[in-house]
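The values are calculated or read from the model by the stated rules, or taken from the named source; none is laboratory data. Predicted model, so just to flag it, every value in this text is computed and none were measured. Counting neighbours? That spans all protein chains shown, and the Cβs are built from the backbone with ideal geometry, glycine included. In case anyone asks, the SASA skips ligands and DNA or RNA and just uses the protein heavy atoms, side chains included. Shrake-Rupley method; radii C 1.70, N 1.55, O 1.52, S 1.80 Å.
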Amino acid sequence: EDVRFPSRETDYEIAGWYVAGDPDKPAIILVDGIGGCRHAQAVLVPAGMLWRNGFNVLLIDLHETGDSQIVDGHSTMGSDEYLDVLGAWDWLSEVQGFAPEEIGIAANSLGAATSLYAFAEESQAAAIFLNSPYANLPQVLRSELARSGFPTVLVPSAMLMGRIVSGVNVLERTPLSAMAVIGERPIFVVHSSDDRRIDIDHSYQLEDAALRGNVDIESWFIDKADHVRGAAVYPEEYEDRLVGFFERTLR
């Protein structure tokens, strides 16, 4: 079912697909990474895994991507987009009637960081599954510049330009600081040591921050998979861990 709903606290229109499953099962919001949307394989595959196990799934396009509203064409690296995830959470709660303990989030890459901000903001959010997240934005930018053949000394300039263009301080929120306010709610992190886009060290940092904050975290560190490709390389185990996590943590 094609659905549209507002981003929380804004009038941005967010597009999504809602695929109903077992009415007695929880619902999962799925979010892809930068530039991605609900058409991406990295979202469709886990959505299919969840749906065939009875879960209700809501795949969304963050604003500036897919069929959602294009505001200015610029990403704020999750600093604004997290409100879109909260808008999806509100829609499942208010329109579909799911209780807070029946709603989970599964997200990839930058979408994982974005969703982690939403998870930290909404204290009633029950559980989140993060695939290949980043922890430290300057570290990501250094890697992206190096990968594109630019000198890494341009990182401060790139961040300043991003702030000028978008009007948002992209360092105001960080995945590491979000961990500090999660409490004991459950989080699952999967990351590959062969990820060529976001180094697995980011998930190690998130795991350390979670353990220091007494967050209920599970980690699955793999190899042989490139960025967000764990489900492609280990489909059966990925499905078991994804489905099992939400079956344990959601009502």
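Placing a label point 7 Å from the Cα of Val3 along the Cα-to-Cβ line, the residues of the stretch 86-100 whose backbone N sits under 13 Å from it are 86-99.
In a DSSP loop and with at most 16 other Cβ atoms within 10 Å, the GluC sites (Glu not before Pro) in the stretch 169-251 are Glu172, Glu184.
Near Val3, once Lys and Arg are set to +1 and Asp and Glu to -1 for all other residues with Cβ below 12 Å from its Cβ, the sum equals -3.
Database remark: amide H of Phe188 closer than 5 angstrom to the amide H of Ile128, Phe129, Leu130, Glu218 (H placed geometrically; neighbours at sequence offset of 5 or more, or on other chains; Pro and chain starts carry no H).
Where both partners of a DSSP beta bridge lie in the chain, what percent of those bridges are antiparallel, to the nearest 5? DSSP beta bridges in the chain are roughly 30 percent antiparallel.
Sum -39500 (n - 2.57) across every DSSP H segment of at least 4 residues in the chain, then divide by the residue count to get the 222 nm mean residue ellipticity, nearest 500. Rounded to the nearest 500, the figure is -11500 deg cm²/dmol. Apolar share of the accessible surface for the chain: 49 percent from carbon plus sulfur atoms, 1.4 Å probe. The dipole here belongs to the chain: it is taken about the Cα centre, uses +1 on the Cβ of Lys and Arg and -1 on the Cβ of Asp and Glu, and is about 580 debye. The separation of the stretch 13-64 from the stretch 180-228, counted between C-alpha centres, amounts to 21 Å.
Convex hull volume of the Cα atoms of the chain, normalised per residue: 112 Å³.
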